[in-house]
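Inspection log for the structure reproduced underneath, given as structure tokens.
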Amino acid sequence: MINSIVRRAGVRGIALAAAGLLLTACNVDKVLKVPDPDVSRPTDVSGKAGLPTLLAAAVGDFQVAFAGTAIGAEGLVNMTGLFTDEFAFTETFPTRVQVDKRSIDRNNSTMLGIYFNVQSARQSTFRAESAYKSLAPTDSAYSEALSLEGYSFVFLAEAYCSGVPITKLDAAGNIVPGQPLTTQQLLDSAINRFTTALTVANSSGSSYLANLARVGQARALIFKDASNLAAAAALVANVPASFEYIVFSSSNTARQNNGVFELQWLEGRWTQADKEGTNGLPFRTSNDPRTPFADLGLGFDNARELFASLKYPSRDANTVLASYTEAQLIIAESQLAANYATPTTGTLAILNALRATAGLAALAPAVGQPAQLAQLFSERAFWLYLTAHREGDMRRIIREYGLGSEAVFPTGTYRGRGGGVYGPDVNFPIPIEEANANPNAPNCIDRNP
């Protein structure tokens, strides 16, 4: 099925349908001989005329990896939320308990599915951008495909251990096992894509897609090293208040459904967390309008209360990938890193200006660097709640700002199914199936934050 690319209120987004890595043709009705207009035939994906179909396939695969679906694909928004302090577990699957408990076995079928979907999104976006590069290098859609590929690399870098292999298909469709890339190399790959995407967007006159590339590149830069904060802030300094790149979901098919809605509202498998594991933020008890929720009674396990996020209240609820708000938060962090002595001159002013847009009271100045960092990252957590940013932020807090992992991630006694204590994981492992299929990637290079 062909995805459609939607422009809504001046915002270029993606209305996602069931497009896989390799599109196949459906049968023409044998009785009426009427061709199905949603069919993709071989001619539809070859030559310049096939470029929109390739991009549609890419954005479809990207949506599955990012926001999930209703057909057993959790998506990174769901899974990183469960791994951090955004979600807690209210069902029985032992493979998901491992994620909530920060103790993930490599032989985990749920994590294999997530990994496969992110890698599929990366390959599918690569396929699209390569075709545009060859056939329409000045088309603004080339910039969009590049940026989505860049985000695929960012997801692999933020969510996984160092050493993720990048496998590709050759011209004949054969699998070429990839070499493992360090986290830094994954981020360099992302930055290269965003750099080219920005050039193409500027030359084609698409300021909207230029802003997508800017925010994506800034995100990759700050995850790579805190020394890049000033450069990242400069990149996004002129992103307008109207900017938002949205990944659209739809109620048309199960593959298009929003995965957070499916697993919370319809299946009751995880709940909006609150102060999880000592360090978790008060996503419920703060009564913050940025993290609204509804009490739906008991969850799937008939034991824990199910609080469903009102951020994604329907099958066609959309997910923000990049925005002006994120750009402003990057600038605020850069301002804080440059001047802890007087943060009110920059950081606090930015945070309070954003809060005013949501009708929130202004923050009081935090005293001292630790408190200022806590305030900044709390604001990032509430603004970017359930958009697959939290795991990357937690890892940055540990790596760049010197806090221990047990002072950042949920820790101590685990109150979910099975009890015990939280494990030490700060990122996802590479599934054992990758090692079985790829002799170049036997294991993670390291599990460092």
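Points worth noting:
- The chain - share of DSSP beta bridges that are antiparallel (%, nearest 5): 90
- Backbone amide hydrogens, once placed in the peptide plane, bring residue 160 within less than 5 Å of 428, excluding anything fewer than 5 places away on its chain.
- Whole-number D in µm² s⁻¹ for segment 94-206, Kirkwood Cα-pair radius fed into Stokes-Einstein, 37 °C, 0.692 mPa s: 216
- Only aspartates and glutamates eight or more places from residue 48 in sequence, or on another chain, were considered; those with a Cα closer than 12 Å are 139.
- Top of 266, 281, 186 by mean-square fluctuation, Gaussian network on the chain, Cα under 10 Å: 266
- Rounded to whole Hz, the Karplus (6.51, -1.76, 1.60) HN-Hα couplings of segment 261-277, x for glycine and proline: 4, 4, 7, 8, 5, 8, 10, x, 8, 8, 10, 5, 7, 8, 6, 5, x
- In order along segment 372-386, phi translates into HN-Hα couplings of 5, 5, 4, 5, 4, 6, 5, 5, 4, 5, 6, 5, 9, 4, 6 Hz, rounded to whole numbers, per the Karplus curve 6.51 cos²θ - 1.76 cosθ + 1.60 with θ = phi - 60° and x for Gly and Pro.
- Length-normalised contact order of the chain in % [C-alpha pairs under 8 Å, at least 6 apart]: 21
- Listed residues 179, 63, 256, most fluctuating in the chain (Gaussian network, C-alpha, under 10 Å): 179
- Spherically averaged projected area of the convex hull of Cα atoms, segment 42-143: 7.9 nm².
- For the chain, alpha-carbon Rg relative to the globular expectation (2.2 N^0.38 Å, N residues): 0.95
- Residues whose amide H comes within less than 5 Å of that of residue 89, counting only those at least five positions distant or on another chain, are 271 (H built at 1.01 Å from N in the peptide plane).
- In sequence order, calculated HN-Hα J values of segment 282-297 (Karplus, 6.51, -1.76, 1.60; Hz; x Gly/Pro): x, 5, 9, 5, 6, 6, 7, x, 7, 10, x, 8, 10, 8, 9, x
- Rg in Å to one decimal, and Dmax rounded to a whole Å, for segment 343-449 via C-alpha atoms: 18.3, 55
- Proximity of backbone amide H atoms, modeled 1.01 Å from N, is registered between residue 322 and 245 at under 5 Å, excluding neighbours fewer than 5 places apart on the same chain.
- Once you divide the Cα radius of gyration of segment 271-425 by 2.2 N^0.38 Å, the number left is 1.12.
- Helix-derived mean residue ellipticity, 222 nm - over the chain, DSSP H n ≥ 4, -39500 (n - 2.57), to 500: -13500 deg cm²/dmol
- Protection proxy ranking for 145-153, 301-309, 94-102, 284-292, using the average of other Cβ atoms within 10 Å per residue and placing the highest first: 145-153, 94-102, 301-309, 284-292.
Read the figures in this text as sums done on the coordinates, not as results from a lab. Please read these numbers as outputs of a predicted model, since none were measured by experiment. Methodologically, a virtual Cβ is constructed for each residue, glycine included, from the backbone with ideal geometry; neighbour enumeration extends over all protein chains shown.
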